[in-house]
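Engineer: If you scroll down you'll find the structure; I have some questions about it.
The values are calculated or read from the model by the stated rules, or taken from the named source; none is laboratory data. What you see is a predicted model; the values in this text were computed from it and never measured. Every residue, glycine as well, gets a Cβ built from its backbone with ideal geometry; the counts of neighbours run over all protein chains shown. Surface areas here come from the heavy atoms of the whole protein model, side chains and all, with no ligands, DNA or RNA. Shrake-Rupley method; radii C 1.70, N 1.55, O 1.52, S 1.80 Å.
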Amino acid sequence: MQVKDAAMSPEHRAYLRSLRRKRRNIAAARVLLLVALLLLWEVGANLGWVNPFITSQPSGIVRTIANLYRDGELFRHIGVTVYETVVGFTLGTLLGTAIAVVLWWWEGLAKVLEPYLVVLNSLPKISLGPIIIVWIGSGSAAIIVMALLVSVVVTILGVYSGFAQVHPDRIKLLRSFGASKGQILLKAILPGSIPTVVSALKINVGLSWVGVIVGEFLVSKAGLGYLAVYGGQVFRLNLVMTSVIILAIAAALMYQAVVFLEKLFTRWQQ
Amino acid sequence: MGVPLVQVRDIAMKYHSPEGEILALDGVTLDVDKGDFISVVGPSGCGKSTLLNIIAGLVRPTRGVVTIDGRPVEGVSSLVGYMPQTDQLFEWRTVWKNAILGLEVQNKLTAEKKEFVQSLLARYGLWEFRNAFPRQLSGGMRQRAALIRTLATDPQILLLDEAFSALDYQTRLVVSDEVKDIIVQERKTAILVTHDIAEAISMADKVAVLTRRPGRIKAVHDIVLTCAERTPIKCREAPEFRDYFNAIWKELDIHAG
Ligand SMILES: Nc1ncnc2c1ncn2[C@@H]1O[C@H](COP(=O)(O)OP(=O)(O)OP(=O)(O)O)[C@@H](O)[C@H]1O
Ligand SMILES: [Mg+2]
């Protein structure tokens, strides 16, 4: 705040008060909406408006979570999926950035590979699933490769075009100091591209979840995707809903973590 | 004064692209004495940046030679400090880290050099801002920081490519005063490229006028201004200023028309 309380005009104070009130109302409405939906769902299921066998119900979901927790299964499944996702998008981002560096270094190679990258980028990577299973098997490794594949091509293209945006004057300046190509990479290109890499990371988090869940649908004996598919097969909708809800929470938390990371890496922008 | 510090001899530069070839410079010859401040003016696209790049050793000319201190230029040299058209401070580096960039690249970051950079920052009012990031600085401070970054490696000759073109008019006047003052205090030789005639006259001891592309030297004016304080802003009020301005204006106009 720039204006001290004492120096504040009554209008400004009223404005701030109404601003705070608005914010409070919005927060309250959000909570109310959630509670109302859950209540409606629960009551509707109990009174037979909807069939809980097909739609599941909140109390059932809570029970399922408690059971999973008691059996020690809850955190095992969460852990497996989160692990695969984190490893997947981290590797996807690192590998994508590394390949972008290689392409920057050998411009000719970039020119040669350009059409292939464009085709790979438009290919739905999920369709590679069967190939990956044949090549790598049906363990965690296959799922991680899946998550990596979904994000790696997008990362290469995004980061490479970020490299190309570095101002030519900047490179000229470094060259005038006698900088080598490696120094130009380390001093200007890479640090200057950190915002691009981090925003690639943000996109990759979402993509990797897709890769991991589809991977778990296809193979795997553990994880939230596995739970959802298994629940569907044995018609335990409580289990399906439980994994979807946990997934939603985990994905949102991970996204926030990446946003925090972004702030950390781009402090000089504030 | 003996042999000029910088000798530009019959420089020509041809660029090739799929659309065709462009003769940017054709036979530029120019001498710059030690301690001189020379401005090069010319219409836009006449090859001013190309000329600076060649003197800096960043680009090889198609024809001709540049010698510095008697030795032909064959690549970049620590005798020359180059300032591009935009200040190009690295946003993620503090003022201090920006100032020592060149020393870092050249692996010369000794305690002695650090002390030298510290004294430059202190002398030119940036010491308190050593831990600030570029975006926290005003346009003028950014320009000074960029100049100190160039001075840090202690070059003899400064090459300034439209160094003030990114600034608004008022800042530009103040900054050209500051930069000129720093260059004089540090006893550097300077070549400033610009298309602003008034800026060229007010800052320099000599103004070289380039023709339209392909660039060639049309005339070189020795600037003698009678003003109490020899600062670029004050010099603009000198009685001779107008005459130089008109003469150069005419020279540019003939070939731009
Ligand atoms: N790398 C390049 N490849 C091809 N043509 C180029 C290249 N660099 C410059 N040119 C051309 O050479 C000519 C001179 O360019 P230069 O940048 O030296 O002019 P300038 O006087 O500095 O222009 P400005 O006033 O716009 O800064 C221009 O026509 C430009 O298009
Ligand atoms: Mg130019």
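Engineer: Where only protein heavy atoms count, and the probe is 1.4 Å, what is the accessible area per residue for segment A:67-124 in Å²?
Structural biologist: Accessible area per residue: 61 Å².
Engineer: I've got another one for you. Just in segment B:141-227: which trypsin sites (Lys or Arg not before Pro) are loop by DSSP and have at most 11 other Cβ atoms within 10 Å?
Structural biologist: In loop regions of segment B:141-227 (DSSP not H, G, I, E or B), the sparsely surrounded trypsin sites (Lys or Arg not before Pro) are B:Arg187.
Engineer: Give the carbon-plus-sulfur fraction of the accessible surface of segment A:2-50 in %, rounded to a whole number; probe 1.4 Å, heavy atoms of protein chains only.
Structural biologist: Taking all protein chains in place, segment A:2-50 shows 66 percent carbon and sulfur surface.
Engineer: Pull up the cross-link candidates among the lysines for B:Lys188, meaning alpha carbon to alpha carbon under 17 Å and not fewer than 8 places away within one chain.
Structural biologist: Qualifying lysines at Cα under 17 Å: B:Lys34, B:Lys180, B:Lys206.
Engineer: Rank A:Leu16, A:Val62, A:Ala27 by how far each Cα sits towards the positive end of the charge dipole of segment A:4-71 (+1 on Lys, Arg Cβ; -1 on Asp, Glu Cβ) and give me just the farthest.
Structural biologist: Toward the positive end, the furthest listed residue is A:Leu16.
Engineer: While we're looking at this one, here's another question. Compare A:His12, A:His167, A:His77 in a GNM of chain A, Cα atoms joined below 10 Å, and give the one with the largest fluctuation.
Structural biologist: A:His12
Engineer: Leaving out ligands and nucleic acids, and using a 1.4 Å probe, what accessible area per residue does segment A:2-50 come to in Å²?
Structural biologist: Result: 90 Å² of accessible area for each residue.
Engineer: Next question. For segment A:121-130, in order, what is each residue's ³J(HN,Hα) by Karplus, 6.51 cos²θ - 1.76 cosθ + 1.60 with θ = phi - 60°, in whole Hz (x at glycine and Pro)?
Structural biologist: 5, 7, 5, x, 4, 4, 5, 7, x, x
Engineer: Given a 1.4 Å probe, show me the residues in segment B:54-78 buried by at least 40 Å² of accessible surface when comparing the whole protein assembly to the chain alone.
Structural biologist: B:Leu58, B:Val76
Engineer: Heads up, I need the accessible area for B:Tyr169: 1.4 angstrom probe, whole protein in place, Å², nearest 10.
Structural biologist: 140
Engineer: Turning to a different aspect of this structure: Leaving out ligands and nucleic acids, and using a 1.4 Å probe, what accessible area per residue does chain B come to in Å²?
Structural biologist: Heavy-atom SASA per residue in chain B reads 45 Å².
Engineer: In segment B:111-257, how does Rg compare with the Kirkwood Rh, expressed as the Rg/Rh ratio over alpha carbon atoms?
Structural biologist: 1.01
Engineer: OK, next. How big is the B-A contact in terms of buried accessible area, both chains counted, 1.4 Å probe, rounded to the nearest 100 Å²?
Structural biologist: Buried surface at the B/A interface: approximately 2100 Å².
Engineer: If you take the beta carbon distance between A:Tyr116 and B:Glu240 as r and set R0 to 41 Å, what does 1/(1 + (r/R0)^6) give as a FRET efficiency, to the nearest 0.05?
Structural biologist: 0.05
Engineer: In whole percent, how big is the carbon plus sulfur part of the accessible area of chain B, probe 1.4 Å, protein atoms only?
Structural biologist: 50
Engineer: Name the residues whose placed amide hydrogens come within less than 5 Å of the amide hydrogen of B:Leu158, ignoring near sequence neighbours (fewer than 5 apart) on the same chain.
Structural biologist: For B:Leu158, whose amide H was placed from the backbone, the distant partners under 5 Å are B:Gly81, B:Thr189, B:Ala190, B:Ile191.
Engineer: Follow-up. Distances longer than 45 Å among the Cα atoms of the protein assembly as shown: what percent of all pairs is that?
Structural biologist: Across the protein assembly as shown, Cα pairs with separations above 45 Å total 40 percent.
Engineer: Just to be sure I understand the interface: list residues from segment A:249-270 that lose 50 Å² or more of accessible area between the chain on its own and the complete protein assembly, 1.4 Å probe.
Structural biologist: Those residues are A:Trp268.
Engineer: I've got another one for you. Using 0.36 nm per residue, how much length does the chain from A:Ser138 to A:Leu253 gain when fully extended, once their Cα-Cα distance is taken away?
Structural biologist: Extending this stretch completely gives an extra 38.6 nm.
Engineer: Sticking with this one: Run through every distinct alpha carbon pair of segment A:2-50 and return the Kirkwood hydrodynamic radius in angstroms, one decimal place.
Structural biologist: Taking every pair of different Cα atoms in segment A:2-50, averaging 1/r and inverting gives 13.8 Å.
Engineer: I want to verify a result. In a Gaussian network model of chain A, Cα cutoff 10 Å, which of these has the top mean-square fluctuation: A:Leu201, A:Leu253, A:Leu94?
Structural biologist: A:Leu253
Engineer: What is the count of Lys pairs in segment A:60-269 whose alpha carbons sit under 21 Å apart, if the two are 8 or more places apart or on different chains?
Structural biologist: The number of close lysine pairs in segment A:60-269 is 6.
Engineer: Considering amide H positions built from the backbone, and no H for Pro or chain starts, which residues 5 or more places from B:Ala24, or on another chain, come under 5 Å of its amide H?
Structural biologist: Close amide H contacts, sequence-distant or interchain: B:Met13, B:Lys14, B:Tyr15.
Engineer: Give the calculated FRET efficiency between A:Phe260 and A:Asn25 to the nearest 0.05, with a Förster radius of 35 Å applied to their Cβ-Cβ distance.
Structural biologist: With a Förster radius of 35 Å, E is 0.80.
Engineer: Here is a follow-up. Any chance you could check segment B:92-138 for residues losing 40 Å² or more of accessible area when the partner protein chains are in, compared with the chain on its own (1.4 Å probe)?
Structural biologist: B:Trp92, B:Val105, B:Arg135
Engineer: So, one more: Any idea what the relative contact order of chain A is, in percent, if you count C-alpha pairs under 8 Å spaced at least 6 apart?
Structural biologist: Averaging sequence separation for qualifying contacts and normalising by length gives 24 percent for chain A.
Engineer: Could you tell me what percent of the accessible area of segment A:60-269 is made up of carbon and sulfur, with a 1.4 Å probe and every protein chain present?
Structural biologist: It is 72 percent, rounded to a whole number.
Engineer: Where a ≥ b ≥ c are the square roots of the eigenvalues of the C-alpha gyration tensor, would you call segment A:20-111 rounded, which needs a/c under 1.5, or, failing that, prolate if a/b is larger than b/c, or oblate?
Structural biologist: The shape class here is prolate.
Engineer: I'd like the FRET efficiency for A:Leu33 and A:Tyr83, computed as 1/(1 + (r/R0)^6) with the beta carbon distance as r and R0 of 51 Å, rounded to 0.05.
Structural biologist: 0.95
Engineer: Ok, one more. For segment B:126-257, what's the relative contact order in percent, using C-alpha pairs closer than 8 Å and at least 6 residues apart?
Structural biologist: For segment B:126-257, the relative contact order is 20 percent.
Engineer: Through the Karplus equation 6.51 cos²θ - 1.76 cosθ + 1.60, θ set to phi - 60°, convert the phi angles of segment B:154-161 into ³J(HN,Hα) values in whole Hz; use x for Gly and Pro.
Structural biologist: 3J(HN,Hα) across segment B:154-161, in whole Hz: 6, x, 7, 10, 9, 10, 10, 9.
Engineer: I need to check one value: relative contact order of chain B, counting alpha carbon pairs closer than 8 Å and at least 6 residues apart, in percent.
Structural biologist: In percent, rounded to a whole number, it is 25.
Engineer: Rounded if a/c is under 1.5, else prolate if a/b is larger than b/c, else oblate: which is chain A, with a ≥ b ≥ c the root eigenvalues of its Cα gyration tensor?
Structural biologist: Oblate.
Engineer: How large is the convex hull of the Cα atoms of chain B per residue, expressed in Å³ as a whole number?
Structural biologist: Normalising the Cα hull of chain B by residue number yields 145 Å³.
Engineer: In vacuum, with every alpha carbon of segment A:121-270 counted as one equal point scatterer, what does the Debye formula give for log10 I(q)/I(0) at q = 0.12, 0.17, 0.20 Å⁻¹? Two decimals, please.
Structural biologist: Taken in order of the listed q values, log10 I(q)/I(0) reads -0.66, -1.01, -1.18.
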